[in-house]
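Below is one structure; the comments refer to it alone.
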């Protein structure tokens, strides 16, 4: 297993915890330089990993650390919401804007069909009264 995969696995098991490259290198039994390369690749390639100054949970030093932040999921489709500008928050639930539009459209269609059904029933009743 490559250091990058090992680091990704370790960080995903502890979301929100900041860990420095030295502690990760020790935990993965690899060199500090290879760990710095692995963490830099993770931070550059994925939006869920951030690299910056924080207190390491392993050694308690304030230094550059890498942190995994679990992305929010859409309440409708359960896929990650990558861009917060394209999300809608309704009653505390987060939706992709497209999923929310689909849910609104589905609701409008249901209401329209029920109104149409009720309208046909009222017309049928009125015809029965006129015929009687």
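Please enumerate the residues belonging to the range 49-87 that are under 20 Å from residue 27 (Cβ atoms), surrounded by 15 or more Cβ atoms within 10 Å (Cβ to Cβ) and without any contact (Cβ under 8 Å) to a residue 24 or more places away in the chain. 50, 51 - these are the residues of the range 49-87 that are under 20 Å from residue 27 (Cβ atoms), surrounded by 15 or more Cβ atoms within 10 Å (Cβ to Cβ) and without any contact (Cβ under 8 Å) to a residue 24 or more places away in the chain. Say whether the condition of being part of a loop (DSSP other than H, G, I, E, B), modelled with pLDDT under 85 and out of contact with any strand residue (DSSP E or B) (no Cβ under 9 Å at 6 or more places or on another chain) is met by at least one residue in the range 56-68. The answer is no, given that none of the residues of the range 56-68 is part of a loop (DSSP other than H, G, I, E, B), modelled with pLDDT under 85 and out of contact with any strand residue (DSSP E or B) (no Cβ under 9 Å at 6 or more places or on another chain). All of 130, 103, 36, 122 fail the test of being in contact with a helix residue (DSSP H, G or I) (Cβ under 7 Å, 6 or more places away or on another chain) and part of a helix (DSSP H, G or I), apart from 36.
The values are calculated or read from the model by the stated rules, or taken from the named source; none is laboratory data. In this text, all values refer to a predicted model and were calculated from it rather than measured experimentally. Quick reminder, even Gly has a Cβ in these numbers, built from the backbone with ideal geometry, and neighbours come from all protein chains shown.
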